[in-house]
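Q: Handing you a structure now.
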Amino acid sequence: MPLSKQNIMLTWLRNGEKVTSEVMSTESLPNGNWLYQRHSHLQYTPTRGDTISCMVEHASLQEPKIYDWEPMPKSVRIKIILGTMGLFVGLASLAAGLIYYCRTNLAGRHLVSTNGDSPPTS
């Protein structure tokens, strides 16, 4: 079947095999500038070792284009890990600083009444 300019075929692949269940797709939608778009969602819980891909077929492509889905790129994962570690180091430093401040500056201080009454003694 020849593809028209607005006909975009999307196929989800799991380990190279076509997936038909749990796929939701919209019709081809015009952008208003002679371009079209199509949204497709695959509801799927990945398991270790699975490769999920989306194959796009369109008249402007000489052959189908396959896009591999990666749950989270390694560079993003590293940034999240480093940011989390920095947060914990910052919180630990804040806690240590507060403990040090409380022990050195507040130790041995007594409450002084400003209205002339003597403070209660225990």
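Q: Reachable aspartates and glutamates from residue 65, Cα under 16 Å, same-chain residues fewer than 8 places away excluded?
A: 17, 57
Q: Express in Å², to the nearest 10, the accessible area of residue 47 obtained by rolling a 1.4 Å probe over the protein heavy atoms while all chains stay in place.
A: That residue has around 80 Å² of solvent-accessible surface.
Q: So for 20, 114, what's the accessible-area order with a 1.4 Å probe, most first? Intermediate values should be presented prior to the final figure.
A: Values: 20 110, 114 140 Å².
Sorted descending by solvent-accessible area, the residues read 114, 20.
Q: Same structure, new question: How much accessible surface area, in Å² rounded to 10, belongs to the heavy atoms of residue 65 with a 1.4 Å probe?
A: 90 Å²
The values are calculated or read from the model by the stated rules, or taken from the named source; none is laboratory data. Owing to the predicted nature of the structure, the values given are computational and were not obtained by experimental measurement. With ligands, DNA and RNA removed, areas are computed over all heavy atoms of the protein, side chains included. Shrake-Rupley method; radii C 1.70, N 1.55, O 1.52, S 1.80 Å.
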